[in-house]
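The values are calculated or read from the model by the stated rules, or taken from the named source; none is laboratory data. The structure displayed is predicted, hence computed values, not measured ones. Note that each Cβ is placed from the backbone with ideal geometry, even for glycine, and that neighbours are counted across all protein chains shown. These area figures cover heavy atoms from the full protein model, side chains too; ligands, DNA and RNA do not enter into them. Shrake-Rupley method; radii C 1.70, N 1.55, O 1.52, S 1.80 Å.
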Amino acid sequence: MKIRQAIVVIHGMGEQRPNDILRDFVRTAISKSDSVTNEGPSIFLRPDKVSGSYDSLRFQSYSSNCHSQTEFYEYHWAHHMAGNKLVHLWPLIKRLLFRLRVPKRLIPIWLLLVLFTITTFCTIVWTIIRGGELGLPGILGEIGLSIFAVSLIILSLMPINYWFTHYLTDVARYLDASPSNQDNRDAIRKGLIELLTDLHNTDRYSRIIIAAHSLGSIIAYDAITYLWARMNKLHKIEPIIPEFKELKKVEDIGGDLEILKEDPVATKHLRELYQESQRNAWIEKRLTGNPWLITDLITFGSPLAHAQILMATNKKNLREKQDMFEIPRCPPVKEPFAHNKWDGDTWYSWRNSQHHRIIYHAAPFAIVRWTNLWFQSDWFAGPLSSYFGYGINDLKLHNGPLRTRIPLWAHTQYFKYCKENEPPEFIRQIRMKLDLKADNWLGRVNTFLAPKPDSVTQDDTGIL
C-alpha cells in the first residue's frame, strides 16, 4: 500500500514571493542518496489541487530507499501583510525598549534603539543648556534634527534598514492585536487552518509535517492550537487499544520532565523517550479513528525564543498564560478539572462515555512532536524549551558557509546549501530531523486505517 505524507512549508517574515522558499526547502530536504536514479532526486512538479491559490505548486518526491511518497506544499501569507510601514514597528519597539531585562540575543537591536533615544535626549538637554529656555518650536526643531541625523546613520546601513522595513514590521503587525491589524491576523490564520483542514479531508495522506521558518513558526503554532481544539474529540470507531498505554507513558514522562528539567543529562534522555511515546500515542489516537494527521512541528529560526516579549510582558506572565491554557506547552500543562484521570497527579486526557480517552483542547503537543533548529548567530532565534517545555528537541545547527555566521543574514540561510555532493553539516542535521523515511511506523496505521482508494488519474500514474 502506498504511503503518502505531506509537508507544509510556511515562510517567515519579509516580502516573500510564492514558492521561493518551497523550492529551497525541497532541495534541502531531499538528498541525492534518496533518488530513484543516480542522476539526482526524483522530484516532480504536480498541480496543487488543495490550497486554492493560482500561484501555488506541489512538489512530489519518490525515494528508492522507502515506499513512502512525500508531497510538499507551501502556505504563502506575505500578501496579507502588504503595505508595511516603519510606524507599524512602534508596538514592538515599546515592548523591547522599555524593559529592565533584555534577552541576551536581542541586545544588539536593543542597543540601536537605546542609542537613538539617548541621542535625541542629549540633543534636547544640550540645546537647553546652550540657549537657556527652549520653547516648543525649538524642542520640535532639535528633535527633528536629531532624528534626521540618526536616520541618516541607520539608512546608511542598508542591511539594517532593510530588515526593519521588510522583516520586523511583519512580526510587529502579526503580534499586535490592535483593530488595524486584526483582519490581517485573522486572514493569515484562517488561510493556514483551511489548508491543513483540506489536507486532512482529502483522505490522501497518512501523515502531515509542518516545517515553519521565522514568523511562520508562530503562525504554525497558532494554527495547531486552534485546529486541535476542533479535532481533539473526533473519533469514528471503538478504540482498538482501549488501555491507551502509550498515552499513559506520555503523561508519565511529561511529569518527570517537569520535575527533572534542571538535570541536562536526565532531560535529554527523557526527551527522547517522550518523543518516542508521542509518536506511539499518535498511532493509538489514529487507531480510534481520530482524524488528526499532524505528527511533527519543525521550526527554523523561531522568534518564539523571545516569547516573554512577543507573547507576554515577561516570563512570569508567559507561564501564567500557559497555566490558563491560553498558550500550550510541550509537555502540556496538567488539566486540573479532568475526570476519570489516570492514577497519579499528572494527566492530559479524560475518558468520555464511549470509553475513548480525549486529550484536552490545550494539549496538542501530547502527540505532536516539536523540534526546533537555529543558528547561534541568528539574533532572532534560540532555544525554546525553557519557555515552552522540555519536551521540545532544541538543536543548535552547526555553522555552514560564512553567511550562516553573520547576524541578520544567518536568519535567511536555513534552506540554502552548497554543492549537493558536499552538503554542509547543518543540512544533514535538518534531513535527519525531518525523518521522511517513515514506512515502518506509518504502515502500522495504514494496516487498520487505509486511505480511500484514489481513482486512476494522470497524477497517480506518474504521467506529467
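From THR313, THR295, grab the single residue that is more than 22 Å from TYR226 (Cβ to Cβ) and not in a helix (DSSP H, G or I). Answer to the selection: THR313. Once region 195-206 is narrowed to residues that are within 16 Å of ARG58 (Cβ to Cβ) and of a type in the set (D, E, K, R), the residue that is least open to solvent (accessible area, probe 1.4 Å) is ARG204.
Going by the structure shown, is MET13 farther than 30 Å from ARG185 by Cβ and either modelled with pLDDT of 80 or more or part of a loop (DSSP other than H, G, I, E, B) (or both)? Here the answer is no, as MET13 does not meet what is asked.
Residues of region 185-226 that are hydrophobic (A, V, I, L, M, F, W, C), over 19 Å from LEU310 (Cβ atoms) and in contact with a strand residue (DSSP E or B) (Cβ under 8 Å, 6 or more places away or on another chain): LEU195, LEU196, LEU199, ILE208, ILE209, ILE210, ALA211. When region 33-50 is filtered for residues that are at pLDDT below 75, surrounded by 14 or more Cβ atoms within 10 Å (Cβ to Cβ) and in a loop (DSSP other than H, G, I, E, B), the ones remaining, listed by number, are SER35, PRO41. Just to be sure, is ASN340 polar (S, T, N, Q) and modelled with pLDDT under 90? Yes. With respect to being modelled with pLDDT of 85 or more, of a type outside the set (Gly, Ala, Ser) and in contact with a Leu (Cβ under 8 Å, 6 or more places away or on another chain), TYR360 falls outside the description. Specify the residue that is modelled with the lowest pLDDT; the eligible residues are those in region 385-401 that are assigned to a loop (DSSP other than H, G, I, E, B) and surrounded by 19 or more Cβ atoms within 10 Å (Cβ to Cβ). For region 385-401, the residue satisfying everything is GLY400. Of all residues in region 265-274, none satisfies being hydroxyl-bearing (Ser, Thr, Tyr) and open to solvent by 50 Å² or more (accessible area, probe 1.4 Å). Evaluated against (1) in contact with a Pro (Cβ under 9 Å, 6 or more places away or on another chain); (2) modelled with pLDDT of 85 or more, GLY289 falls short on exactly one condition, (2). Listed by first and then second residue, the pairs linking a residue in region 262-286 that is over 17 Å from VAL445 (Cβ atoms) and at pLDDT 90 or above to a residue that is assigned to a helix (DSSP H, G or I) and among the β-branched types (Val, Ile, Thr), with Cβ atoms under 9 Å apart and 6 or more places separating them unless they lie on different chains, are LEU270/ILE253; ARG271/ILE253; LEU273/ILE253; TYR274/VAL250; TYR274/ILE253.
The set of residues from region 315-333 being free of Cβ contacts under 8 Å to residues at least 60 places away in the same chain and under 16 Å from ILE359 (Cβ atoms) comprises PHE325, VAL333.
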